[in-house]
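Participant: Handing you a structure now.
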Protein chains: 4
Amino acid sequence: MTTDAQPPASSPEPDRTRQAAIDRLKQDVLEANLALPASGLVTLTWGNASGIDRDWGVVAIKASGVAYDTMSTDDMVIVDLSGKVVGGEKRPSTDTPTHLALYRAFEQVGGIVHTHSTWATAWAQAEREIPLLGTTHADLCPHPIPLTRQLTEAEIDEGYEEATGKALIEVVAPRGPSELPCALVRQHGPFCWGRTAAAAVASAVTLEEVARLATLTTLLDPRSPALDPALRRKHFERKHGPRAYYGQPA
Amino acid sequence: MTTDAQPPASSPEPDRTRQAAIDRLKQDVLEANLALPASGLVTLTWGNASGIDRDWGVVAIKASGVAYDTMSTDDMVIVDLSGKVVGGEKRPSTDTPTHLALYRAFEQVGGIVHTHSTWATAWAQAEREIPLLGTTHADLCPHPIPLTRQLTEAEIDEGYEEATGKALIEVVAPRGPSELPCALVRQHGPFCWGRTAAAAVASAVTLEEVARLATLTTLLDPRSPALDPALRRKHFERKHGPRAYYGQPA
Amino acid sequence: MTTDAQPPASSPEPDRTRQAAIDRLKQDVLEANLALPASGLVTLTWGNASGIDRDWGVVAIKASGVAYDTMSTDDMVIVDLSGKVVGGEKRPSTDTPTHLALYRAFEQVGGIVHTHSTWATAWAQAEREIPLLGTTHADLCPHPIPLTRQLTEAEIDEGYEEATGKALIEVVAPRGPSELPCALVRQHGPFCWGRTAAAAVASAVTLEEVARLATLTTLLDPRSPALDPALRRKHFERKHGPRAYYGQPA
Amino acid sequence: MTTDAQPPASSPEPDRTRQAAIDRLKQDVLEANLALPASGLVTLTWGNASGIDRDWGVVAIKASGVAYDTMSTDDMVIVDLSGKVVGGEKRPSTDTPTHLALYRAFEQVGGIVHTHSTWATAWAQAEREIPLLGTTHADLCPHPIPLTRQLTEAEIDEGYEEATGKALIEVVAPRGPSELPCALVRQHGPFCWGRTAAAAVASAVTLEEVARLATLTTLLDPRSPALDPALRRKHFERKHGPRAYYGQPA
């Protein structure tokens, strides 16, 4: 993307192209949010999904505390990467600073989902990373699902949600967001991402099933061994690698 | 509320204003009851929801042992705070004295829900309070969910349901019903409340998920640590405190 | 019932009254069978419900191995108490001799349900009676849910299904079927009963939830104490005793 | 089947009879695939079902990575037993070589299902065969559900999916596919089969419930004894033996 091609993202009078891009983004993010209760990942008004349009530098995210069953694009709030609300009438999700920190840190991330999905949250509350116990996990990523560190009291009192994003970045950065499409916030719950908001939902659905499998496996045998490196690479690469042969050609 | 403004709650000939208030209350309480099977909190005819109109001193509560799938406002019984039936053709829930004891003890309570919801009841049967293991719990309340004491044989034989209310009040009073929106009756199941019947349902739904998370966390690690005080305050206050920033401005 | 009043049950030409009674019975038993998948108690073609008309000495029971989603009264087979098929074109459930043994042993039983419902079957497979850990169980019955003894190899080879009935009668007879509305067949699954086929379904639904609660309670604390006698009597009697005050007056 | 009766399976110009057979097969296999999400056995695009027409030597199998909610017969790919695509526009499931190895090894197998169904996969990840703990299991098969050996690094790197088939054949061959309608691939998940694609789905549904029962039984008592031989034979034979009396006469 050259400087010439860059759209006037900061223009006070948004042009039609920009509005069309935002409308598409809001629709995509609405659908990602609606997929959360449909997939059994959220209770009541919990959870949120967002998406970014990198060309226009705008993020759409669920408004805070709104009901899923009457949700529309009017419940999608538009913010820029600094957190300034630039579209929509509502207050954005309280977790917005966490989403924005991740978008700023990782260019490859196009969509983010946060839930308190039951089985993944149990691992977060038990303060354990999710071990890589089978091919279902390796189909998602070739590493254990990491757990963030404890926040300091200063971080909790000041800019808590942004500090959560910082702690996530610390555990994701060593592998990168393509090999680690999710992580657990300690004693809280999962954040998941992907190239689009829909891909982030797929990460969240897969993580929840991986967490459930790991829980049941651990109950059957607490010393179940990790998948060996050859098998974890095989499964990850056949689905996501440069010579992937899972799925249909694009 | 001045003495002048107080409506003639004991009038034998209810006026139209009173009837309209009761009709609204019955409708609200019917909807709260119907939300229980829809939320997977009850089996068969179990469970009950009630609501109070403090101005008129009347409580609407589910009739005893009636089916949810054909339930209507005719299944809502109106009682006063002493337990006298003042409206409706049916026998009120056997748990009515427990509800009334709570309404008399706590002015802030506007709706109450009782269920045998699976995961919360398992903690009641294991005779354990639910430890505060994560932010999902702290979003509901900043304390462990307490467990009532064992009733004496005399309490069981005489006025059992009212004694249950008394035991609940004993564990809730120290924190108050706003910071403790629910408690477990030992070897029985949860009672939950809120400012309205709908809010009591939300407490019941949240408690059940909190209990499920606590069970799974405990199975993964029986020594999972409690959430530290700074984090539990942060989550409770951002949702319920005077400077709450979760949700939309009223 | 005097000999005069007894209808001609063995008449080869069934009269209209008898046919009307059988038609009603088939409809009731069809509805009980359809309630099993609707309540999540059965998988594929598993499970069966039956009902008896004591006046005419006939039992209606599900045909063996038929699908629930296309089930009609044509899938209800009529047998007499000796097991002779006296109505319907299909082969009755392989478990028919177990049902008949129970009907012959206990006059109060009007309907029977057999399932492999998950949580109750887990207790049967673990060869443990279900302990009485809470009021939900006491609302169903004031005793632990018993487990049948192991059958001998001779019993398995000859008249296996009737021997299963005999083993059930051995554990139920001491308390009687009103105080014990269900029992577990060792390493197999539950049989449940009641005054009607619909009541047997309610027993089966309740037992499954009681078994689930007992499992989760046991996982939280394997030494969870039994409910004390005063409380178990209180809950059973307020629902089923001569001075019951649960539910609506008949 | 005589040589004369054998259809010209390798003919480059498929005749109408062959096309009709393939159309029927595609329809059957489509229905088997659609039964997987309907039965709660698969998440997202995971899992696959196939079927074989032995007369024409063709296998229909789900295309790789396609969505279930818009699936049609166009998503069924036709391959021959060597793996050559002979019909359909899409890339077949990555697991196709595993299916073909099983079809080549076992003439009795007419349909195969692979899933990562939760409870069965937990046993595969815990690297444990599923013990025979009750009659529900014996109704499916009279043996524990075996677990494949670990693949070598060479097998993982070269022809991984076919090596998986080889490992399955090693554990199934001693008993044969009629007495062993499924097996667990170590740290991966179950493969299930039957005389038709629909029968393979029924095996997969039953296995998942058997795995769930075995998990819960094991949690209640890790030393739960295996079903004794007389009872396991009784249940298997009354459903699948030459003198079976379960179900309706054909």
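Participant: One residue is enough: does segment D:228-237 have a residue meeting the conditions without any contact (Cβ under 8 Å) to a residue 40 or more places away in the chain and surrounded by 22 or more Cβ atoms within 10 Å (Cβ to Cβ)?
Facilitator: No: zero hits.
Participant: Here is a list of conditions, (1) within 13 Å of chain A (Cβ to nearest Cβ); (2) buried (at least 22 other Cβ atoms within 10 Å of the Cβ), and D:A67 meets all of them except one; can you say which number that is?
Facilitator: Against the list (1) within 13 Å of chain A (Cβ to nearest Cβ); (2) buried (at least 22 other Cβ atoms within 10 Å of the Cβ), D:A67 comes up short only on (2).
Participant: Would you say D:T96 is under 30 Å from C:G40 (Cα atoms), within 14 Å of chain A (Cβ to nearest Cβ) and β-branched (V, I, T)? If you could, list the steps in order and put the result at the bottom.
Facilitator: Details: under 30 Å from C:G40 (Cα atoms): no; within 14 Å of chain A (Cβ to nearest Cβ): yes; β-branched (V, I, T): yes.
The answer is no for D:T96.
Participant: Quick one: in segment C:189-218, of everything that is in a helix (DSSP H, G or I) and in contact with a Cys (Cβ under 6 Å, 6 or more places away or on another chain), which residue is farthest from the other protein chains (Cβ to nearest Cβ)?
Facilitator: It comes out as C:A200.
Participant: Let me spell it out: the conditions are (1) touching a Phe, Trp or Tyr at 6+ places or on another chain (Cβ under 7 Å); (2) within 11 Å of another protein chain (Cβ to nearest Cβ), and A:A183 meets all of them except one. Which number is the exception?
Facilitator: Going through the list (1) touching a Phe, Trp or Tyr at 6+ places or on another chain (Cβ under 7 Å); (2) within 11 Å of another protein chain (Cβ to nearest Cβ), A:A183 breaks only (2).
Participant: Out of all the residues in segment D:151-160, which are more than 9 Å from chain A (Cβ to nearest Cβ) and in contact with a helix residue (DSSP H, G or I) (Cβ under 6 Å, 6 or more places away or on another chain)?
Facilitator: D:E155
Participant: Filtering segment A:25-54 down to residues that are among the charged types (D, E, K, R) and farther than 13 Å from A:Y103 by Cα, which residue is surrounded by the fewest Cβ atoms within 10 Å (Cβ to Cβ)?
Facilitator: Just the residues of segment A:25-54 that are among the charged types (D, E, K, R), to begin with: A:26, A:28, A:31, A:53-54.
Adding the requirement that they be farther than 13 Å from A:Y103 by Cα leaves A:26, A:28, A:31.
Numbers: A:K26: 23, A:D28: 20, A:E31: 16.
Among residues in segment A:25-54 that are among the charged types (D, E, K, R) and farther than 13 Å from A:Y103 by Cα, the one surrounded by the fewest Cβ atoms within 10 Å (Cβ to Cβ) is A:E31.
Participant: Oh, and also: Suppose the filter is in contact with a Lys or Arg (Cβ under 7 Å, 6 or more places away or on another chain), surrounded by fewer than 17 Cβ atoms within 10 Å (Cβ to Cβ), within 11 Å of another protein chain (Cβ to nearest Cβ) and not charged (D, E, K, R); does D:Y245 pass it? Give the steps one after another, and end with the answer.
Facilitator: Values: in contact with a Lys or Arg (Cβ under 7 Å, 6 or more places away or on another chain): yes; surrounded by fewer than 17 Cβ atoms within 10 Å (Cβ to Cβ): yes; within 11 Å of another protein chain (Cβ to nearest Cβ): yes; not charged (D, E, K, R): yes.
Against the criterion (in contact with a Lys or Arg (Cβ under 7 Å, 6 or more places away or on another chain), surrounded by fewer than 17 Cβ atoms within 10 Å (Cβ to Cβ), within 11 Å of another protein chain (Cβ to nearest Cβ) and not charged (D, E, K, R)), D:Y245 qualifies.
Participant: Select from segment B:107-150 the residues that are of a type in the set (G, A, S), closer than 23 Å to B:E161 by Cα and either assigned to a loop (DSSP other than H, G, I, E, B) or within 14 Å of chain C (Cβ to nearest Cβ) (or both) and list them in ascending order.
Facilitator: B:G110, B:S117, B:A120, B:A122, B:A124, B:A126 - these are the residues of segment B:107-150 that are of a type in the set (G, A, S), closer than 23 Å to B:E161 by Cα and either assigned to a loop (DSSP other than H, G, I, E, B) or within 14 Å of chain C (Cβ to nearest Cβ) (or both).
Participant: Filter segment D:219-230 for residues that are closer than 22 Å to D:P190 by Cα and more than 8 Å from chain C (Cβ to nearest Cβ) and give the result.
Facilitator: Matches in segment D:219-230: D:A226 only.
No lab work stands behind these numbers, since they all come straight from the coordinates. A quick note: this is a predicted structure, and the numbers were derived from the prediction, not measured. Reconstructed Cβ throughout: ideal geometry from the backbone, glycine too, with neighbour counts over all protein chains shown.
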